[in-house]
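These notes concern the structure reproduced below.
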Amino acid sequence: MLVDGKWVEKWQPVQATDEKGGFVRQISGFRNWVTPDGTAGPSGERGFRAEVGRYHLYVALICPWASRALIARKLKGLEEVVSLSVVEPTLTDQGWRFGTYPGATDDPVNGATYMHEIYTRADPHYTGRATVPVLWDRQRRTIVNNESADIVRMFNSGFGELASTAIDLYPQALRGEIDALNDRIYPALNNGVYRAGFATSQIAYEEAFADVFGMLDELETRLRDVGPFLFGESFTETDIRLFVTLVRFDAAYHGIFKCNLRRIVDYPELSAWLGRMLAVPGVRETVSIDHIKKGYYSIKSLNPTGIVPVGPDLPGLDPAAVRLASQSSPSAP
């Protein structure tokens, strides 16, 4: 991690724990917002006006938080507006690295080798982990935001007429319900798999494990009752937030994070929903199972040998799921 702008030790997945030995995630440190006219967003300062070519997104294909932003960028038609760099999947002693691994890129904006260099360009005295996603402002030469939830909402509405209006990921009528469900899924499942995988005590692991499968059971019932998506016919940001966890579950979390009570393929409703999500135009191409497996199984503290499992691959697309997805959600531009 970085301390006062200096890389001080080999990368470690756990930087802080609670009194039970539970994994504590770092709070995002950059919280400015892009808005159509440059006015201040819900947090941060003004001056980040939506413009073609001004902003650059840094992501890792193994990372669910980064993948949230990548999917929103795709569905909102911002690929020609916000440029993109993808780090390599293997976590090095200095964290995320740019390079030539298939599917990864270099950094044409800042010429960095490691992601932590982006952070010190924005703040020479930065202390903390160098996480993804990062939304970078070419004009002001700084990080706009490194919180995935904010970036998804910026892509949904912050770019105004530069973004597609074919889909609204955060519709006004559902905002209260979306926020409430997000607030329940995040600690129990999105972060719950990490709390299980990076627990440093048995009790912390078992508590996280129970949260993960309690939420999966609840969502299985919810989809049976209200499907095809989490809010019926409405495809929202909550579907994206769930998708990025479930698409990694059988390939990574079931094994490397010890979340092995059941797989997603053992849940009929969640499996069908996952198929519908993969059939939404633009979503499947944001997923790299190769990067996901290569990345998670490169975490030395969990897998010292670095051996990557052969399976599983992404589930096949059921033609019925493709038809239902095309009927139930707008096409990505």
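The values are calculated or read from the model by the stated rules, or taken from the named source; none is laboratory data. On a predicted model such as this, the values are computed, not experimentally measured, just so you know. Because the Cβ atoms are built from the backbone with ideal geometry, glycine has one as well, and the counts that use them run over all protein chains shown. Quick note on the areas: whole protein, heavy atoms, side chains included, nothing else; ligands and nucleic acids left out. Shrake-Rupley method; radii C 1.70, N 1.55, O 1.52, S 1.80 Å.
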In segment 158-173, what residues are buried (at least 19 other Cβ atoms within 10 Å of the Cβ) and part of a helix (DSSP H, G or I)? GLY158
Do we have any residue at all in segment 12-32 that's over 21 Å from the mean Cα position of the chain (by Cα) and modelled with pLDDT of 95 or more? no
In segment 188-204, anything closer than 13 Å to LYS258 by Cα and buried (at least 16 other Cβ atoms within 10 Å of the Cβ) is listed as GLY192, VAL193, TYR194, ARG195, ALA196, GLY197, PHE198, ALA199, ALA204
Number of the condition not met by ARG195 [criteria: (1) closer than 24 Å to ARG46 by Cα; (2) modelled with pLDDT of 95 or more]: (1)
Test ASP123 against the stated conditions and say whether it is surrounded by fewer than 24 Cβ atoms within 10 Å (Cβ to Cβ) and among the acidic types (Asp, Glu). yes
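So which residues in segment 291-315 are of a type in the set (Gly, Ala, Ser) and in a helix (DSSP H, G or I), if there are any at all? Lay out the reasoning, then the answer.
Residues of segment 291-315 of a type in the set (Gly, Ala, Ser): 295, 298, 301, 306, 311.
Residue satisfying the conditions is GLY295 alone.
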Picked from segment 205-264 (must be of a type in the set (S, T, N, Q) and open to solvent by 10 Å² or more (accessible area, probe 1.4 Å)), the residue farthest from SER67 (Cα to Cα) is THR221
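ASP183: among the acidic types (Asp, Glu) and within 30 Å of ASP18 (Cα to Cα), yes or no? Before the answer, list the steps.
Numbers: among the acidic types (Asp, Glu): yes; within 30 Å of ASP18 (Cα to Cα): yes.
Taking the combined requirement at face value, the residue satisfies it.
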Find the residue count for segment 32-52, including only residues that are more than 30 Å from TYR194 (Cα to Cα) and open to solvent by 40 Å² or more (accessible area, probe 1.4 Å). 9
Looking at segment 85-120, which of its residues are crowded, with 17+ Cβ neighbours inside 10 Å and outside any loop (DSSP other than H, G, I, E, B)? SER85, VAL86, GLY95, ARG97, TYR114, MET115, HIS116, GLU117, ILE118, TYR119, THR120
I need the full set of residues from segment 237-290 which are in a helix (DSSP H, G or I), more than 16 Å from the chain's Cα centre (by Cα) and of a type in the set (S, T, N, Q), in order please. SER271
Being open to solvent by less than 10 Å² (accessible area, probe 1.4 Å) and assigned to a helix (DSSP H, G or I) is the filter here; which residues of segment 126-150 pass it? SER148
